[in-house]
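Read the structure below first, then the notes.
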């Protein structure tokens, strides 16, 4: 098994201060893993009413890319969903909690927010290579709430 490279970068945080935790590491396909992100909107940003009103319509984009062992690059794919508490069948969940731990529909402007996800990467979709997962949360006007990336070697099925 090749060594893995794990990078978690908080690239930008225009409205929110956040720190991610990812368990299990390294990621393994066909097993659930969890991402916990805790953050708050700094007091200096709470004056920006227009942006705070946009939290209900924020989006979350996932971009996947891979470099195969021979150096070839796979097609880069991006998926965008509303940044709201929701289930994706039994396969994945995205939950947002307020400072008291209550589940809320979207990020609130008062106090702390936690974003908790659980999902798995089905091995049927994995080809061996160095995978990069980029995540960005944005308001409708393009303002970045937070962004991070993770790069890791994943072994595909030997078919």
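Quick note: the coordinates plus some simple rules give every number you see, no bench work behind them. Quick caveat: nothing in here was measured; it's all calculated off a predicted structure. Glycine gets a Cβ as well: all are built from the backbone with ideal geometry, and neighbour counts include every protein chain shown.
A few remarks follow.
- Per-pair calculated FRET efficiency, R0 = 35 Å: residue 36 and residue 124 via Cβ, rounded to 0.05: 0.85
- Cα pair distances exceeding 16 angstrom across segment 79-118, given as percent: 33 percent
- For segment 17-154, a Kirkwood hydrodynamic radius built from all Cα pairs, placed in the Stokes-Einstein relation at 10 °C and 1.306 mPa s, yields a translational diffusion coefficient of 98 µm²/s.
- Global form of segment 97-159, assessed from the alpha-carbon gyration tensor, a/c cut-off 1.5: prolate
- With the convex hull drawn over the C-alpha atoms of segment 24-71, the volume per residue is 164 Å³.
- Between segment 24-80 and segment 97-116, the C-alpha centres lie 17 angstrom from each other.
- The slack in the chain from residue 110 to residue 73, taken as 0.36 nm per residue of separation less the alpha-carbon distance, amounts to 9.1 nm.
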